[in-house]
Amino acid sequence: MELDQVCGIDERKITIVGTGQVGATCAYTLMNSGLVNSMVLIDANRDLAEGHAPDLRHGMSFSQPCKIKVGSFEDCRDSDIVIVAGVGQKPGESRLDLVKKNAAIFKDIIPRIAGQNPRIILIVTNPVDILSYVAYKVSAYPMNRVFGSGTMLDTARFRSLLGEYCGVDPRNVHGYILGEHGDSEVPIWSQVMIGGVDFKTFCETYKSDYNDLDRDTIFSKVKNAAYEIINKKGATYYAIALAVTQLVHSILRDENSILTVSTLLNDYYGIEDTYMSVPSVIHRNGIERIIRITLNDREKNAIIHSAGVLKSVMKEIGI
Ligand SMILES: NC(=O)c1ccc[n+]([C@@H]2O[C@H](COP(=O)([O-])OP(=O)(O)OC[C@H]3O[C@@H](n4cnc5c(N)ncnc54)[C@H](O)[C@@H]3O)[C@@H](O)[C@H]2O)c1
């Protein structure tokens, strides 16, 4: 019997499928978080996972104890969460360009993961909305247990840039990017709140150089952030790993946090049978509830358009 079982300590187990830049950085942030005490690393390139495992273990005396092993899909069993971050994006390749290649890989690997019955399957691989839908379909899981990181990263970028612009801590900026994690994503300006004040009023009161057009510049920086970072260093991984760690936090600690994950929408401003991001309450069993956010007409039309973009890609690849 394992020591944890003797002491009655719960295993908090995460499996990471794909230990490239994103998966390995998730492993690092999760180890440092102290949230998990067991981690399995899986990669098609086993050598890569076998290189990461001891490198992480060697840092443990400066971090938090966690069993780390390299495994195969059978090792997903008993995982609280399986994080799927496999398959990279090449520079210049749009997220939607990847879809056919990755959907075929998902049809192979998701049933092998689901067969081990982990509690939650979390998709990070792009295009995350389409692949979350594919994972939902081929896993036969209920929708609350399979979802994507969606626009959590875009929302974090939005809050970071708004915080910089307004001179306040991004943690005190409330605002969302919704819809597709990609080119048709939508900034919800009507709901941006800073210290209990809407964005426009805050800026008109506290920012003498405020210009309405600055909103376009801020959103364009959010939307193009991934392309710019990938052009310079080949991949983005620190912020997404922290977003995933926040999500794991909300699940393992049953926190009921409201996060913009990619989830199955039905009867949502007329959107049907589409995975994309809206604010959702995250708890122990994944998605507890989807929030019907108040939108103005322009925002409503924009998220309906975003769903249409995703639907047409799904139609193109026969989902
Ligand atoms: N959702 C988001 O906000 C977000 C942010 C950043 C990156 N991403 C996505 O995360 C994914 C990974 O990015 P990366 O930079 O780590 O790429 P990477 O190329 O560094 O790593 C991908 C890893 O997946 C492994 N892999 C490929 N096929 C596999 C399979 N069938 N089973 C197991 N492992 C497999 C590869 O061997 C490689 O190690 C990409 O799809 C990227 O677009 C998503």
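Readers should treat all values here as calculations from the given coordinates under stated rules, not as data from a laboratory. Quick caveat: nothing in here was measured; it's all calculated off a predicted structure. Cβ placement follows ideal geometry from the backbone for every residue including glycine, while neighbour counts extend to all protein chains displayed.
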>> Run the numbers for residue 296 and residue 284: contour at 0.36 nm per residue of separation, minus the present Cα-Cα distance, in nm.
In response: 1.1 nm
>> Tell me which trypsin sites (Lys or Arg not before Pro) from the range 264-319 have a DSSP coil assignment and no more than 15 other beta carbons within 10 Å of their own.
In response: 284, 292
>> Using the basic label-point model (7 angstrom from Cα toward the beta carbon), what is the residue 190 to residue 77 distance in nanometres?
In response: 5.1
>> If the reach is capped at under 18 angstrom between alpha carbons, list the lysines near residue 315, excluding any in the same chain fewer than eight residues apart.
In response: 100, 101, 107, 137
>> Restricting to Cα atoms and excluding each atom paired with itself, what does the Kirkwood estimate give for the range 76-210 in Å?
In response: 16.8
>> Largest first, please: the extent of the C-alpha atoms of the range 97-175 along each principal axis, to the nearest Å.
In response: 48, 30, 14
> Which three lengths, in whole Å and largest first, does the chain cover when its Cα atoms are put on their principal axes?
Replying inline: 63, 46, 38
>> Cut-off under 18 Å on the C-alpha distance; same-chain residues fewer than 8 positions from residue 67 excluded. Which aspartates and glutamates are left, in chain and number order?
In response: 2, 4, 10, 11, 43, 50, 55, 75, 78, 80
> If you wrap a convex hull around the Cα atoms of the range 267-318, how much volume per residue is inside, in Å³?
Replying inline: 83
>> Rounded to whole Å, give me the distance from the Cα center of the range 275-313 to that of the range 229-260.
In response: 18
> When Rg is the radius of gyration of the Cα atoms in the range 150-219 and Rh is its Kirkwood radius, what does Rg/Rh come to?
Replying inline: 0.95
> What net charge is computed for the residues neighbouring residue 139, neighbours being all others with C-beta under 13 Å from the C-beta of residue 139, Lys and Arg scored +1, Asp and Glu -1?
Replying inline: +4
> So if R0 is 51 Å, what FRET efficiency would residue 169 and residue 97 give, r being the distance between their Cβ atoms, rounded to the nearest 0.05?
Replying inline: 0.90
> Can you work out D for the range 210-267 in µm² s⁻¹ from Stokes-Einstein, where Rh is the Kirkwood radius over C-alpha pairs, the temperature is 20 °C and the viscosity is 1.002 mPa s?
Replying inline: 149
>> On a full-extension model of 0.36 nm per residue, what is the gain between residue 254 and residue 269, subtracting their alpha-carbon distance, rounded to one decimal in nm?
In response: 2.6 nm
> Mind listing P(r) for the range 178-227? All alpha-carbon pairs, 10 Å bins, whole percents.
Replying inline: 23, 48, 26, 3
> With the chain treated as a Gaussian network of Cα nodes joined by springs under 10 Å, which of 303, 229, 251 yields the largest mean-square fluctuation?
Replying inline: 229
> In terms of the Cα gyration tensor, with a ≥ b ≥ c the square roots of its eigenvalues, is the range 56-146 rounded because a/c is under 1.5, prolate because a/b exceeds b/c, or oblate?
Replying inline: oblate
>> Show log10 I(q)/I(0) for the range 133-269 at q = 0.19 Å⁻¹, two decimals, from a solvent-free Debye sum over equal Cα scatterers.
In response: -1.22
> For residue 116 and residue 140 in one chain, what is 0.36 nm times their gap in residues minus the Cα-Cα distance, to one decimal in nm?
Replying inline: 7.4 nm
> Tally Lys/Arg at +1 and Asp/Glu at -1 over every other residue whose Cβ is under 12 Å from the Cβ of residue 158; what's the total?
Replying inline: +2
> Add -39500 (n - 2.57) for each DSSP H run of 4 or more in the chain, then divide by its residues: what number comes out at 222 nm, to the nearest 500 deg cm²/dmol?
Replying inline: -13500 deg cm²/dmol
